[in-house]
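The values are calculated or read from the model by the stated rules, or taken from the named source; none is laboratory data. Nothing here was measured: the structure is a model prediction, and the numbers come from that model. FYI the Cβ positions are ideal-geometry reconstructions off the backbone, even for glycines, and counts take in every protein chain you see. Side chains included, ligands, DNA and RNA excluded: accessible areas come from the protein's heavy atoms. Shrake-Rupley method; radii C 1.70, N 1.55, O 1.52, S 1.80 Å.
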Amino acid sequence: MIDITVILSANDIAHVSKLGELLAAHVNLSRAEPGCVRFEAFESQTVPGTFILIERWESQATLNTHRTALGFTTIYAPQVLPLVDRVAHVCNVLHDT
């Protein structure tokens, strides 16, 4: 499994509503992809303009395919990324937690 947590910070607070709409569409498309185990988007109630993506993919191959899929290539890369600062964390689950 590949676990990824992505923190997105809006470059301009005026983009928050649009980002929410775009990310919702991206989530729906991503969840339908083969190999997607989990794909969720959250809007922070603590830090305005911050979104958090939680992803789990069956394998590196399915993650690679995701990056060529419709949601990534038509929504996320061209429309979301220009509006945010992005920090991605590829994570390992802590055992015994």
>> Against the condition within 19 Å of Met1 (Cβ to Cβ) and over 10 Å from the mean Cα position of the chain (by Cα), how does Thr65 come out, does it pass?
In response: yes
> Which one is most open to solvent (accessible area, probe 1.4 Å), of the residues in segment 63-72 that are out of contact with any strand residue (DSSP E or B) (no Cβ under 7 Å at 6 or more places or on another chain) and part of a helix (DSSP H, G or I)?
Replying inline: Leu70
> Mind checking which pairs have a first residue in segment 1-29 that is within 17 Å of Pro82 (Cα to Cα) and open to solvent by 30 Å² or more (accessible area, probe 1.4 Å) and a second that is polar (S, T, N, Q) and part of a strand (DSSP E or B), Cβ under 9 Å, 6 or more apart or different chains?
Replying inline: Ile7/Thr50; Ser9/Thr50
>> Restricting to segment 37-58, count the residues that are closer than 10 Å to Ile2 by Cβ and open to solvent by less than 40 Å² (accessible area, probe 1.4 Å).
In response: 2
>> Can you report the number of residues in segment 73-97 which are among the polar types (S, T, N, Q), within 19 Å of Leu23 (Cβ to Cβ) and outside any helix (DSSP H, G or I)?
In response: 0
> Going through segment 38-62 one residue at a time, which ones are of a type in the set (D, E, K, R) and part of a strand (DSSP E or B)?
Replying inline: Arg38, Glu40, Glu43, Glu55, Arg56
